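Coordinate-derived values only; no laboratory data. Predicted model, so just to flag it, every value in this text is computed and none were measured. Heads up, the Cβs are rebuilt from the backbone with ideal geometry, glycines too, and the neighbour counts pull from every protein chain shown.
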Amino acid sequence: MSNKNQTLGEFIIENQSSFKYSSGELSRLINSIRLAAKVVNHEVNKAGLVDIIGNAGDTNIQGEDQQKLDVYANEKFIQTLTKRNIVCGIASEEEDSFISINSQDENHQNKYIVLIDPLDGSSNIDVNVSVGTIFSIYRRVTPVGTPVKLEDFLQKGREQVAAGYVVYGTSTMLVYTTGHGVNGFTLNPAIGSFYLSHPDMKFPADGTIYSVNEGNYLDFPLGIKNFIKYCQQEEGDRPYTSRYIGSLVSDFHRNMIKGGIYMYPKGSRNPNGKLRLLYECNPMAFLAEQANGKASDGFTRIMDIEPTELHQRVPFICGSKNMVEKAEEFMEAAK
Ligand code: P6P
């Protein structure tokens, strides 16, 4: 149940009872993400004006240069989630290992863990192109009352209780699911509130947009090459349109609204693909499936993949159901 122009806070309260664990903790958790998103949005929006653009002079575990906003966003999300005393553990793209949160939860009574990519697409920051935050929420699997363990984070994507993203674009939106569909909220910066602007978001079953970095074409598996050639052929609604922003959240968001497919296949430089399973692919796959879309590695449903390590990468194909299934057909045929 949702009505347009409802604030995110009102929506959370109204829909809290639909969440089977509705003890209010998840609501408080989503609210803390909302707060962190507003704080990060404020910095992202003025990145060009203050000395926060550019390289933080460090590299993360991925070996990627840490942009200052990456570091800032990471700190703000961790700080906000810790202060609200709701989660027992956090994993982040910017942290080598997971963080056990017990500063105020010395008895480890909190039940939720959060995995985040605090600022995805950060290479776009200096050129004023959209970036995003991605989050994934699980209930812990180890006993309440004990410090979290790696196994709490290495859960299959199908165990997620909530997932979402913030897209810092021409407007700032928070889009999330708790397993009851996908809803999008747009920030009114003058008031500082998110308003329900995109209720019950759904991927069109078909689309005419494909998103992939074709600079890597020669490196792609044969099935992906054949699918791209299929997209480019003159027939019916093809050739499709190629749109690739270099920011997963933005490409996903546009494809969900207009219909389309996003692909980050494996290649020689990225033998397992580039995107991280736990805090990029799984949350986006949860959203995709909740919006009648699909997400796989070309063969296996993303949310069925058994994680083996915190920062593991997987090939990622996600978007309109019929387009993903067509790509999977080409992958199967080229086996
Ligand atoms: P490439 C950003 O670093 C990211 O993780 C996604 O947001 C984006 O789609 C992809 O990588 C871009 O990678 O190799 O095409 O520049």
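The trypsin sites (Lys or Arg not before Pro) of region 3-98 meeting both criteria, a DSSP state outside H, G, I, E and B (loop) and at most 13 other C-beta atoms within 10 angstrom of the site's C-beta, are LYS4, LYS20, LYS46. Taking a straight Cα-Cα cut-off under 12 Å and skipping sequence neighbours fewer than 8 places away in the same chain, the aspartates and glutamates within cross-link reach of LYS326 are ASP206. Classify region 8-198: rounded, prolate or oblate, from the alpha-carbon gyration tensor (a ≥ b ≥ c, eigenvalue square roots; a/c under 1.5 rounded; otherwise prolate if a/b is larger than b/c)? Oblate is the answer for region 8-198, as a/c is 1.5 or above yet b/c matches or exceeds a/b. Taking other residues whose beta carbon is less than 12 angstrom from the beta carbon of GLY192, and scoring Lys, Arg as +1 and Asp, Glu as -1, yields +2. A cut-off under 10 angstrom between Cβ atoms defines the neighbours of LYS294, and their net charge, with Lys, Arg +1 and Asp, Glu -1, is -1. Within the straight-line cut-off of under 18 Å between alpha carbons, the aspartates and glutamates reachable from LYS111 are GLU25, GLU151, ASP152, GLU159, sequence neighbours fewer than 8 places apart in one chain being disregarded.
Using the Cβ of LYS156 as centre and a radius below 10 Å, the other residues enclosed give a net charge of -1, where K and R count +1 and D and E count -1. Remark: the Cα gyration tensor places region 194-273 in the oblate category, a/c being 1.5 or greater and a/b not exceeding b/c.
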